[in-house]
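Beneath this line is the structure, given in structure tokens, with notes to follow.
The values are calculated or read from the model by the stated rules, or taken from the named source; none is laboratory data. All values derive from a computational prediction rather than experimental measurement. Here the Cβ is made from the backbone with ideal geometry for all residues, glycine too, and neighbour counts use every protein chain on show. Just so you know, the surface numbers come from the protein's heavy atoms only, side chains and all, with ligands and any DNA or RNA stripped out. Shrake-Rupley method; radii C 1.70, N 1.55, O 1.52, S 1.80 Å.
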Amino acid sequence: MITNKYNYVVCFGEVLWDVFPTGSRAGGAPFNVAYNLFKMGIDAKMLSRIGKDELGHRLLNQIKDWRITTEFIQVDQEKATGTVLADFDEHGEAVYDIVKEVAWDYIQPLPEHKELIQNSEAFVFGSLITRNKTSQNTLLELLDYSKFRVFDVNFRPPFIDFEFIKKLLHKADLVKMNKAELRTILEYLGEDYVDEDTSIRHLQAYFNLNEIVLTKGSKGARYFVGNTAYDFPAVHIEIADTVGSGDSFLAGFLSKRIQGRSPEEIMKQATSLGAFITSKSGACPDYTYEEFRTFREKNSCKTP
């Protein structure tokens, strides 16, 4: 029985170890969102699957140490816990080799998931989780229970099934994508990129989408709601690494969006948290909300 019905978000998809040359870090895009939501004071419930192995044991212990519930993380008796071999290119951008056929490819739908998702403020999912039919089918079933479906586009070639991506875009209530992902979606649709406004309006009409968030790194972000577009500059900081910057942006965005705050307040939180995490190493650095709040207010002059 799900008893907490106040301001919680369900994040569905991969939870894994990012294996960098300097060591391993807990990660996975939806988990990064969950971690940073929790830091913002929003209860986040991760729905995923790990292996019954040493890496899985360590991962569960790490998540518990962060005081995030592991109640909805399944344990696979055969498949291994997910890993990603990660490194940085000459521009400081992370590059990934994502190991296939692991536990999170096989997330199973369970009876308790219906109530869990029906009572959540938002259901967050990405595109990587759709690379395997088992987790793909589970996602389709769970989407029907959600009242606010948040699609975080996260293309990782070669794991892109665009026919399924189109299905998810049709089902989503809010979509977050970056400029490269916008161009890729347009290309799959047979459309030329003209400009941001024309392109986003086309996607809104094609997929019947009311809300789209377009992230542009150092050039800021735009929030399209119906016929209105809100523009927000980036918060300029010294970059430690870019791992999880988009995920933390989404966590900041949702922490205010589910509370019904204004677009300005929503995007200030989003751009501030994205910058704050980018100024640190890793997608899930240790920090307190007070530290983030100080950073946000210090840099408020650089955001609306």
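Assorted remarks:
- Among 49, 67, the order of accessible area from largest down is 67, 49, computed with a 1.4 Å probe on protein heavy atoms.
- Net charge over other residues, Cβ less than 12 angstrom from the Cβ of residue 103 (K, R count +1; D, E count -1): -2
- Across the chain, C-alpha contacts under 8 Å between residues 6 or more apart give a mean separation that, scaled by the residue count, equals a relative contact order of 16 percent.
- The local environment of residue 114, defined by Cβ-Cβ distances under 13 Å, has a net charge of -3 under the rule Lys, Arg +1 and Asp, Glu -1.
- Under a 5 Å amide H cut-off, with hydrogens placed 1.01 Å from N, residue 15 pairs with 49 among residues at least 5 apart or on other chains.
- Accessible surface ranking that places the most exposed of 11, 284 first, with a 1.4 angstrom probe: 284, 11
- Label selected from (i) 67, 48, 33; (ii) 54, 43, 40; (iii) 48, 44, 41, the criterion being Cα extents along the principal axes in Å as computed here: (iii)
- If you take all other residues with their beta carbon under 15 Å from the beta carbon of residue 263, and give Lys and Arg +1 and Asp and Glu -1, the sum is +2.
- The listed residues 167, 100, 179, 45 rank as 100, 167, 179, 45 when sorted by accessible area, largest first, using a 1.4 Å probe.
- 1.4 Å probe accessible area per residue over the chain, in Å²: 43
- R0 of 30 Å, Cβ-Cβ distance residue 95-residue 229: FRET efficiency to nearest 0.05: 0.40
- Separation of the alpha carbons by more than 21 angstrom is noted, of 79/167; 114/147; 256/298; 45/268, for 79/167; 45/268.
- Legend: calculated FRET efficiency, residue 291 to residue 195, from the Cβ-Cβ distance at R0 = 45 Å, rounded to 0.05, equals 0.75.
- Shape category assigned to region 144-257 from the gyration tensor of Cα positions, a/c cut at 1.5: rounded
- Placing +1 on each Lys and Arg Cβ and -1 on each Asp and Glu Cβ, with no other charges, gives region 43-199 a dipole about its Cα centre of roughly 620 debye.
- Computed in the context of the full set of protein chains, the accessible area of region 151-200 at 1.4 Å probe radius has 44% of its extent on carbon or sulfur.
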